[in-house]
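Each remark here refers to the structure printed beneath this line.
The values are calculated or read from the model by the stated rules, or taken from the named source; none is laboratory data. The structure presented is a predicted model; accordingly, all values stated were derived computationally and were not measured. Glycine gets a Cβ as well: all are built from the backbone with ideal geometry, and neighbour counts include every protein chain shown. What goes into the accessible areas is simple: the full protein's heavy atoms, side chains included, and nothing from ligands, DNA or RNA. Shrake-Rupley method; radii C 1.70, N 1.55, O 1.52, S 1.80 Å.
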Amino acid sequence: MKDLFYLNPAITFLNFGSFGACPKPIFEDYQKWQLELEYEPVQFVAVNGLQYLKQSREALANYIHCDANDVVYTSNPSYAMSIVAKSFDLKRGDEILTNNLEYGAMDYSWNYYCEKASAVYKRQPITLPLTTKEKFIEEFFSGLTANTKAIFISQITSTTALIFPVKEICEIAKSKGLFTIVDGAHVPGHIDLNLQELKADVYTGACHKWMLTPKGCSFLYVKKEHQHLFDPLVISWGFKNPLPSESKFIDYHQMQGTRDFSAFLTVPKAIEFLNQHNWKEKSKACHELVIKNAQRFYDLLGSYALSPLTNEFVGQMLSIPIKTTEPMKLQRLLFEKYNVEIPVMPHADQVYLRYSINVFNTQHDLDVLYNAVEDILKTSDLIKR
Ligand SMILES: Cc1ncc(COP(=O)(O)O)c(C=O)c1O
(Lines give C-alpha, C1' and ligand atoms only; values in the text may rest on other atoms or scores of the structure.)
Protein backbone atom coordinates (compact mmCIF):
# COMPACT_ATOMS: atom_id res chain seq x y z
CA MET A 1 0.00 0.00 0.00
CA LYS A 2 3.01 2.33 -0.10
CA ASP A 3 1.72 3.77 -3.40
CA LEU A 4 -1.16 5.26 -1.46
CA PHE A 5 1.29 7.48 0.42
CA TYR A 6 3.71 10.18 -0.70
CA LEU A 7 6.53 8.59 1.32
CA ASN A 8 9.94 8.42 -0.35
CA PRO A 9 10.11 4.87 -1.79
CA ALA A 10 13.89 4.79 -1.28
CA ILE A 11 13.47 4.99 2.49
CA THR A 12 12.55 2.09 4.78
CA PHE A 13 10.04 4.02 6.83
CA LEU A 14 9.72 2.62 10.35
CA ASN A 15 8.84 5.81 12.16
CA PHE A 16 5.11 6.30 11.65
CA GLY A 17 4.86 6.98 15.38
CA SER A 18 6.54 10.38 15.30
CA PHE A 19 4.43 12.30 12.80
CA GLY A 20 2.26 9.86 10.85
CA ALA A 21 1.89 9.99 7.07
CA CYS A 22 -1.12 11.01 5.05
CA PRO A 23 -2.57 8.82 2.24
CA LYS A 24 -3.10 10.52 -1.11
CA PRO A 25 -6.93 10.61 -1.10
CA ILE A 26 -6.89 12.34 2.31
CA PHE A 27 -4.16 14.74 1.23
CA GLU A 28 -6.18 15.57 -1.89
CA ASP A 29 -9.15 16.34 0.34
CA TYR A 30 -6.87 18.66 2.35
CA GLN A 31 -5.80 20.47 -0.82
CA LYS A 32 -9.42 20.73 -1.94
CA TRP A 33 -10.20 22.63 1.30
CA GLN A 34 -7.15 24.85 0.86
CA LEU A 35 -8.16 25.69 -2.70
CA GLU A 36 -11.65 26.59 -1.54
CA LEU A 37 -10.07 28.84 1.07
CA GLU A 38 -8.00 30.68 -1.52
CA TYR A 39 -10.90 30.89 -3.96
CA GLU A 40 -13.04 32.92 -1.54
CA PRO A 41 -11.16 33.52 1.73
CA VAL A 42 -13.89 35.60 3.39
CA GLN A 43 -16.68 33.16 2.74
CA PHE A 44 -14.48 30.26 3.76
CA VAL A 45 -13.07 31.68 6.99
CA ALA A 46 -15.99 33.74 8.22
CA VAL A 47 -19.07 31.99 6.87
CA ASN A 48 -18.87 28.44 5.56
CA GLY A 49 -15.83 27.44 7.59
CA LEU A 50 -17.74 27.38 10.86
CA GLN A 51 -20.26 25.00 9.39
CA TYR A 52 -17.49 22.82 7.91
CA LEU A 53 -15.74 22.71 11.28
CA LYS A 54 -18.96 21.68 12.99
CA GLN A 55 -19.51 18.85 10.49
CA SER A 56 -15.95 17.68 10.97
CA ARG A 57 -16.23 17.79 14.77
CA GLU A 58 -19.44 15.78 14.55
CA ALA A 59 -17.68 13.09 12.52
CA LEU A 60 -14.77 13.01 14.97
CA ALA A 61 -17.11 12.90 17.99
CA ASN A 62 -18.95 9.99 16.45
CA TYR A 63 -15.63 8.20 15.87
CA ILE A 64 -14.31 8.69 19.41
CA HIS A 65 -17.73 8.45 21.09
CA CYS A 66 -18.37 11.80 22.70
CA ASP A 67 -20.61 14.83 22.28
CA ALA A 68 -19.48 17.08 19.39
CA ASN A 69 -19.60 20.11 21.69
CA ASP A 70 -17.12 18.53 24.09
CA VAL A 71 -14.29 18.25 21.58
CA VAL A 72 -12.37 21.03 19.87
CA TYR A 73 -9.62 20.86 17.27
CA THR A 74 -6.09 21.95 18.20
CA SER A 75 -2.98 21.83 16.06
CA ASN A 76 -1.28 19.21 18.25
CA PRO A 77 -1.52 17.50 21.65
CA SER A 78 1.11 19.85 23.15
CA TYR A 79 -1.19 22.78 22.43
CA ALA A 80 -4.17 20.93 23.91
CA MET A 81 -2.31 19.97 27.08
CA SER A 82 -0.93 23.49 27.51
CA ILE A 83 -4.53 24.76 27.66
CA VAL A 84 -5.18 22.33 30.48
CA ALA A 85 -1.92 22.68 32.43
CA LYS A 86 -1.97 26.48 32.27
CA SER A 87 -5.48 26.84 33.67
CA PHE A 88 -5.61 23.89 36.01
CA ASP A 89 -6.37 25.12 39.49
CA LEU A 90 -3.13 24.34 41.32
CA LYS A 91 -2.45 25.52 44.84
CA ARG A 92 0.81 25.33 46.79
CA GLY A 93 1.48 21.68 47.71
CA ASP A 94 -1.07 20.16 45.31
CA GLU A 95 0.21 17.10 43.46
CA ILE A 96 -0.35 15.85 39.93
CA LEU A 97 0.36 12.14 39.92
CA THR A 98 2.04 10.89 36.75
CA ASN A 99 4.82 8.40 36.00
CA ASN A 100 8.38 8.40 34.71
CA LEU A 101 7.52 7.18 31.18
CA GLU A 102 5.62 10.21 29.91
CA TYR A 103 6.39 12.27 26.81
CA GLY A 104 9.13 14.82 27.48
CA ALA A 105 7.30 17.89 26.17
CA MET A 106 4.27 17.09 28.33
CA ASP A 107 6.55 16.72 31.34
CA TYR A 108 7.97 20.18 30.56
CA SER A 109 4.52 21.69 30.36
CA TRP A 110 3.24 20.19 33.61
CA ASN A 111 6.51 20.90 35.41
CA TYR A 112 6.41 24.51 34.29
CA TYR A 113 2.92 25.21 35.60
CA CYS A 114 3.38 23.11 38.74
CA GLU A 115 6.57 24.98 39.63
CA LYS A 116 4.80 28.30 39.07
CA ALA A 117 2.11 27.30 41.56
CA SER A 118 4.56 25.61 43.99
CA ALA A 119 2.71 22.40 43.24
CA VAL A 120 4.32 19.00 42.64
CA TYR A 121 4.46 17.06 39.37
CA LYS A 122 5.06 13.60 40.75
CA ARG A 123 6.71 11.19 38.32
CA GLN A 124 6.05 7.85 40.01
CA PRO A 125 8.75 5.36 38.90
CA ILE A 126 7.43 2.37 36.97
CA THR A 127 9.35 -0.90 36.97
CA LEU A 128 10.20 -2.27 33.55
CA PRO A 129 9.49 -4.77 32.15
CA LEU A 130 5.79 -4.48 32.91
CA THR A 131 4.34 -7.80 34.01
CA THR A 132 0.62 -7.40 34.59
CA LYS A 133 -1.95 -4.63 34.43
CA GLU A 134 -2.66 -5.10 38.11
CA LYS A 135 1.00 -4.66 39.06
CA PHE A 136 1.25 -1.52 36.94
CA ILE A 137 -1.88 -0.03 38.50
CA GLU A 138 -0.65 -0.80 41.99
CA GLU A 139 2.74 0.75 41.30
CA PHE A 140 1.23 3.85 39.69
CA PHE A 141 -1.13 4.50 42.61
CA SER A 142 1.57 3.94 45.19
CA GLY A 143 2.49 7.55 44.34
CA LEU A 144 -0.86 8.75 45.66
CA THR A 145 -0.88 11.06 48.70
CA ALA A 146 -3.47 13.18 50.50
CA ASN A 147 -2.32 16.09 48.30
CA THR A 148 -2.94 14.37 44.96
CA LYS A 149 -5.42 16.43 42.98
CA ALA A 150 -5.24 14.87 39.53
CA ILE A 151 -3.64 12.11 37.57
CA PHE A 152 -1.97 12.58 34.18
CA ILE A 153 -1.11 9.54 32.07
CA SER A 154 -0.55 8.44 28.47
CA GLN A 155 -2.68 5.75 26.93
CA ILE A 156 0.24 4.80 24.66
CA THR A 157 3.68 6.02 25.67
CA SER A 158 6.15 7.54 23.27
CA THR A 159 9.69 6.29 23.88
CA THR A 160 8.64 2.95 25.40
CA ALA A 161 5.60 2.42 23.07
CA LEU A 162 3.56 0.78 25.83
CA ILE A 163 -0.22 0.68 26.11
CA PHE A 164 -1.23 1.63 29.65
CA PRO A 165 -4.51 0.45 31.24
CA VAL A 166 -6.00 3.95 31.40
CA LYS A 167 -9.61 2.81 31.62
CA GLU A 168 -8.91 1.05 34.91
CA ILE A 169 -6.64 3.90 36.07
CA CYS A 170 -9.38 6.49 35.38
CA GLU A 171 -12.00 4.37 37.16
CA ILE A 172 -9.86 4.06 40.29
CA ALA A 173 -8.85 7.73 40.18
CA LYS A 174 -12.51 8.79 39.89
CA SER A 175 -13.44 6.58 42.83
CA LYS A 176 -10.84 8.53 44.84
CA GLY A 177 -12.27 11.87 43.69
CA LEU A 178 -9.31 12.74 41.45
CA PHE A 179 -9.38 14.69 38.20
CA THR A 180 -8.27 12.50 35.26
CA ILE A 181 -6.19 13.78 32.35
CA VAL A 182 -5.14 11.44 29.54
CA ASP A 183 -2.60 11.94 26.75
CA GLY A 184 -3.83 9.82 23.86
CA ALA A 185 -1.53 11.26 21.18
CA HIS A 186 -0.92 7.80 19.67
CA VAL A 187 -4.40 6.39 20.13
CA PRO A 188 -6.89 7.50 17.41
CA GLY A 189 -6.68 5.13 14.45
CA HIS A 190 -4.31 2.85 16.38
CA ILE A 191 -6.36 1.21 19.13
CA ASP A 192 -10.07 1.62 19.93
CA LEU A 193 -11.05 4.86 21.59
CA ASN A 194 -14.37 5.24 23.34
CA LEU A 195 -14.47 8.36 25.48
CA GLN A 196 -17.87 7.50 26.84
CA GLU A 197 -16.46 4.34 28.37
CA LEU A 198 -13.06 5.75 29.30
CA LYS A 199 -14.47 8.42 31.61
CA ALA A 200 -11.42 10.69 31.50
CA ASP A 201 -12.18 14.30 32.43
CA VAL A 202 -9.73 15.53 29.82
CA TYR A 203 -8.31 13.69 26.81
CA THR A 204 -6.11 14.79 23.94
CA GLY A 205 -5.40 12.82 20.79
CA ALA A 206 -3.60 13.41 17.51
CA CYS A 207 -5.42 12.73 14.25
CA HIS A 208 -2.24 13.32 12.23
CA LYS A 209 -0.49 10.22 13.51
CA TRP A 210 -2.34 6.90 13.20
CA MET A 211 -5.61 8.43 12.02
CA LEU A 212 -3.83 9.56 8.84
CA THR A 213 -4.85 13.22 8.49
CA PRO A 214 -2.39 15.90 7.34
CA LYS A 215 -0.18 17.39 10.06
CA GLY A 216 -1.64 19.91 12.46
CA CYS A 217 -4.84 18.06 13.30
CA SER A 218 -5.45 17.02 16.91
CA PHE A 219 -8.14 17.51 19.51
CA LEU A 220 -8.90 18.38 23.09
CA TYR A 221 -11.85 16.73 24.78
CA VAL A 222 -13.12 18.11 28.09
CA LYS A 223 -16.11 16.76 29.98
CA LYS A 224 -18.92 19.29 29.91
CA GLU A 225 -18.94 20.05 33.62
CA HIS A 226 -15.25 21.03 33.57
CA GLN A 227 -15.12 23.12 30.40
CA HIS A 228 -15.50 26.42 32.28
CA LEU A 229 -12.19 25.72 34.06
CA PHE A 230 -10.00 26.14 30.99
CA ASP A 231 -9.13 29.48 29.41
CA PRO A 232 -8.21 29.60 25.73
CA LEU A 233 -4.47 30.04 25.08
CA VAL A 234 -5.37 32.73 22.55
CA ILE A 235 -8.13 35.22 23.31
CA SER A 236 -9.90 36.06 20.08
CA TRP A 237 -13.37 36.78 18.70
CA GLY A 238 -14.80 33.63 20.24
CA PHE A 239 -14.34 35.20 23.67
CA LYS A 240 -17.37 37.43 23.21
CA ASN A 241 -18.70 35.89 20.08
CA PRO A 242 -21.18 38.19 18.34
CA LEU A 243 -22.71 35.05 16.85
CA PRO A 244 -22.33 32.55 19.68
CA SER A 245 -22.66 28.89 18.87
CA GLU A 246 -24.35 26.52 21.28
CA SER A 247 -21.02 25.90 23.03
CA LYS A 248 -18.86 28.46 24.81
CA PHE A 249 -16.09 25.83 24.99
CA ILE A 250 -15.99 25.58 21.20
CA ASP A 251 -16.20 29.37 20.70
CA TYR A 252 -13.38 30.01 23.18
CA HIS A 253 -10.91 27.48 21.85
CA GLN A 254 -11.77 27.25 18.18
CA MET A 255 -11.27 30.91 17.28
CA GLN A 256 -7.62 31.86 17.34
CA GLY A 257 -7.42 34.63 14.76
CA THR A 258 -6.74 33.94 11.10
CA ARG A 259 -5.40 30.48 10.40
CA ASP A 260 -5.70 27.68 7.88
CA PHE A 261 -7.87 25.04 9.51
CA SER A 262 -8.07 22.85 6.39
CA ALA A 263 -6.32 19.96 8.16
CA PHE A 264 -9.19 19.81 10.67
CA LEU A 265 -11.69 19.43 7.84
CA THR A 266 -10.11 16.24 6.51
CA VAL A 267 -11.27 14.15 9.47
CA PRO A 268 -14.50 12.92 7.81
CA LYS A 269 -12.46 11.83 4.77
CA ALA A 270 -9.90 10.11 7.01
CA ILE A 271 -12.65 8.17 8.81
CA GLU A 272 -14.20 7.21 5.46
CA PHE A 273 -10.76 6.03 4.29
CA LEU A 274 -10.17 3.94 7.43
CA ASN A 275 -13.57 2.28 7.07
CA GLN A 276 -13.22 1.74 3.33
CA HIS A 277 -9.90 -0.03 3.82
CA ASN A 278 -11.06 -2.17 6.70
CA TRP A 279 -8.37 -0.59 8.87
CA LYS A 280 -9.01 -2.62 12.02
CA GLU A 281 -8.07 -5.81 10.20
CA LYS A 282 -5.00 -4.14 8.72
CA SER A 283 -3.99 -2.79 12.09
CA LYS A 284 -4.23 -6.30 13.53
CA ALA A 285 -1.94 -7.64 10.81
CA CYS A 286 0.54 -4.83 11.55
CA HIS A 287 0.47 -5.73 15.25
CA GLU A 288 1.22 -9.34 14.35
CA LEU A 289 4.22 -8.29 12.27
CA VAL A 290 5.45 -6.17 15.18
CA ILE A 291 5.27 -9.13 17.55
CA LYS A 292 6.62 -11.71 15.13
CA ASN A 293 9.90 -9.81 14.80
CA ALA A 294 10.43 -8.86 18.42
CA GLN A 295 12.46 -11.84 19.60
CA ARG A 296 15.00 -11.72 16.79
CA PHE A 297 15.81 -8.10 17.67
CA TYR A 298 16.10 -8.96 21.37
CA ASP A 299 18.48 -11.78 20.42
CA LEU A 300 20.50 -9.59 18.07
CA LEU A 301 20.86 -6.79 20.60
CA GLY A 302 21.07 -8.87 23.76
CA SER A 303 17.92 -7.05 24.80
CA TYR A 304 14.53 -7.82 26.34
CA ALA A 305 10.78 -7.11 26.05
CA LEU A 306 9.41 -4.12 27.96
CA SER A 307 6.13 -5.96 28.61
CA PRO A 308 4.35 -9.19 27.71
CA LEU A 309 4.03 -9.19 23.90
CA THR A 310 0.23 -9.12 23.83
CA ASN A 311 -2.24 -6.57 22.48
CA GLU A 312 -2.90 -5.53 26.05
CA PHE A 313 0.48 -3.75 26.10
CA VAL A 314 1.68 -3.54 22.48
CA GLY A 315 0.05 -2.04 19.39
CA GLN A 316 1.76 -1.17 16.12
CA MET A 317 4.99 0.05 17.72
CA LEU A 318 7.71 -1.75 19.62
CA SER A 319 10.51 -0.19 21.64
CA ILE A 320 13.65 -2.19 22.17
CA PRO A 321 16.20 -1.19 24.81
CA ILE A 322 19.50 -0.70 22.98
CA LYS A 323 22.95 -0.10 24.39
CA THR A 324 24.44 2.97 22.80
CA THR A 325 25.96 6.11 24.24
CA GLU A 326 25.29 8.05 21.04
CA PRO A 327 21.62 7.71 20.12
CA MET A 328 21.56 10.70 17.76
CA LYS A 329 24.62 9.49 15.88
CA LEU A 330 23.11 6.01 15.58
CA GLN A 331 19.82 7.39 14.26
CA ARG A 332 21.69 9.49 11.67
CA LEU A 333 23.79 6.48 10.63
CA LEU A 334 20.72 4.30 10.16
CA PHE A 335 19.21 6.98 7.97
CA GLU A 336 22.24 8.14 6.02
CA LYS A 337 24.00 4.84 5.38
CA TYR A 338 21.11 2.35 5.43
CA ASN A 339 18.14 4.54 4.40
CA VAL A 340 16.20 3.45 7.45
CA GLU A 341 13.99 6.05 9.15
CA ILE A 342 13.69 4.96 12.75
CA PRO A 343 13.97 6.83 16.07
CA VAL A 344 16.67 6.04 18.63
CA MET A 345 15.44 7.77 21.75
CA PRO A 346 16.97 8.30 25.16
CA HIS A 347 14.58 8.24 28.11
CA ALA A 348 15.97 8.58 31.61
CA ASP A 349 19.03 6.29 31.77
CA GLN A 350 17.95 4.04 28.87
CA VAL A 351 17.94 4.30 25.07
CA TYR A 352 15.21 2.78 22.88
CA LEU A 353 15.06 1.79 19.25
CA ARG A 354 11.38 2.02 18.28
CA TYR A 355 9.92 0.52 15.14
CA SER A 356 6.42 1.43 13.94
CA ILE A 357 4.55 -0.76 11.51
CA ASN A 358 1.78 0.49 9.26
CA VAL A 359 -0.03 -0.90 6.23
CA PHE A 360 2.80 -0.22 3.79
CA ASN A 361 5.44 -2.03 5.87
CA THR A 362 6.37 -5.62 5.12
CA GLN A 363 8.69 -8.22 6.57
CA HIS A 364 11.29 -6.93 4.13
CA ASP A 365 11.43 -3.57 5.97
CA LEU A 366 12.20 -5.25 9.27
CA ASP A 367 14.81 -7.40 7.52
CA VAL A 368 16.46 -4.24 6.22
CA LEU A 369 16.54 -2.88 9.77
CA TYR A 370 17.87 -6.17 11.11
CA ASN A 371 20.66 -6.30 8.56
CA ALA A 372 21.58 -2.68 9.20
CA VAL A 373 21.81 -3.21 12.97
CA GLU A 374 23.78 -6.42 12.44
CA ASP A 375 26.20 -4.58 10.18
CA ILE A 376 26.65 -1.74 12.68
CA LEU A 377 27.33 -4.29 15.43
CA LYS A 378 30.02 -5.88 13.26
CA THR A 379 31.65 -2.73 11.92
CA SER A 380 31.50 -0.17 14.73
CA ASP A 381 31.28 0.16 18.48
CA LEU A 382 28.24 2.45 18.31
CA ILE A 383 26.04 -0.33 19.66
CA LYS A 384 27.07 -2.68 22.43
CA ARG A 385 25.45 -6.02 23.05
C1 LIG B 1 2.80 10.33 24.10
C2 LIG B 1 2.86 11.59 23.31
N3 LIG B 1 2.24 12.67 23.78
C4 LIG B 1 2.25 13.84 23.14
C5 LIG B 1 2.90 13.99 21.95
C6 LIG B 1 2.91 15.37 21.41
O7 LIG B 1 2.83 15.58 20.12
P8 LIG B 1 3.04 17.05 19.52
O9 LIG B 1 4.49 17.36 19.59
O10 LIG B 1 2.54 16.87 18.13
O11 LIG B 1 2.23 17.99 20.33
C12 LIG B 1 3.58 12.90 21.39
C13 LIG B 1 4.30 12.99 20.13
O14 LIG B 1 4.85 12.09 19.59
C15 LIG B 1 3.56 11.67 22.11
O16 LIG B 1 4.22 10.59 21.65
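Along the charge dipole of the chain, pointing to its positive end and built from +1/-1 on Cβ of Lys, Arg, Asp and Glu, which listed residue (Q256, L4, N371) has its Cα farthest out? Farthest towards the positive end: N371. Sparse packing (at most 11 other Cβ atoms within 10 Å of the Cβ) combined with a DSSP loop state is found for the following GluC sites (Glu not before Pro) in segment 238-314: E246.
Using a Förster radius of 30 Å, what is the FRET efficiency between E58 and S18 based on their Cβ-Cβ separation? Nearest 0.05, please. FRET efficiency, E58 to S18: 0.55. Taking 0.36 nm per residue of separation and subtracting the current Cα-Cα distance, fully stretching the chain between N48 and K329 would add 96.3 nm.
Other residues whose C-beta falls under 13 angstrom from the C-beta of I11 contribute a net charge of -1, scoring Lys and Arg +1 and Asp and Glu -1. Any chance you could tell me what percent of the C-alpha pair distances in segment 194-238 go past 14 Å? When every Cα pair of segment 194-238 is considered, 62 percent fall beyond 14 Å. Summed over the residues of the chain and divided among them, the accessible surface reaches 44 Å² per residue at a probe radius of 1.4 Å. Of all trypsin sites (Lys or Arg not before Pro) in segment 239-273, which ones are in loop regions per DSSP and have a Cβ with at most 15 other Cβ atoms within 10 Å? Sites meeting the loop and neighbour criteria: R259.
Element breakdown for the chain at a 1.4 angstrom probe: carbon and sulfur atoms account for 53% of the accessible area.
Across I126, I172, the residue with the most accessible area heads the list, and the full order at a 1.4 Å probe is I172, I126.
Taking amide hydrogens as placed 1.01 Å from N in the peptide plane, the amide H of F5 sits under 5 Å from those of K24, each at least 5 positions away in sequence or on another chain. With a simple spin-label model that places each label point 7 Å from the Cα along the Cα-to-Cβ direction, the separation between Q276 and T145 comes to 5.4 nm. Close amide H pairs (under 5 Å, H built 1.01 Å from N) link S154 with D183, residues at least 5 positions away or on another chain.
For segment 202-260 versus segment 98-128, the spacing of their alpha-carbon centroids is 24 Å.
Here the chain carries DSSP beta bridges of which approximately 50% are antiparallel, counting only pairs with both residues inside. For segment 27-273, the Cβ-based charge dipole about the Cα centre amounts to some 540 debye (Lys, Arg positive; Asp, Glu negative; other atoms uncharged). One decimal place: the segment M1-T132 gains 43.6 nm when fully extended, by the rule 0.36 nm per residue minus the C-alpha distance. Measuring between alpha carbons in the structure, the pairs from K2/K209; K54/K209; K323/K378; K32/K284; K133/K174; K149/K176 lying more than 20 angstrom apart are K54/K209; K32/K284. Accessible surface of M255, taken over heavy atoms with a 1.4 Å probe and every protein chain present, rounds to 50 Å². By the rule of a C-alpha distance below 15 Å, with chain neighbours fewer than 8 residues away ignored, the aspartates and glutamates paired with K292 are D365, D367. Rounded to the nearest 20 debye, the dipole size of segment 1-52 about its Cα centre is 240 debye, using +1 on the Cβ of Lys and Arg and -1 on the Cβ of Asp and Glu.
Between the amide H of F179 and those of A150, I151, distances stay under 5 Å, these residues lying 5 or more places away or on another chain, with hydrogens modeled in the peptide plane.
From the largest down, the chain spans 68, 55, 33 angstrom on the principal axes of its Cα atoms. Annotation for segment 76-114: trypsin sites (Lys or Arg not before Pro) lying in DSSP loop with at most 10 further Cβ atoms inside 10 Å of their Cβ are K91, R92. Between the listed residues N241, Q350, F179, the Cα displaced farthest toward the positive end of the dipole of the chain, a dipole computed from Cβ unit charges relative to the Cα centre, is found at Q350.
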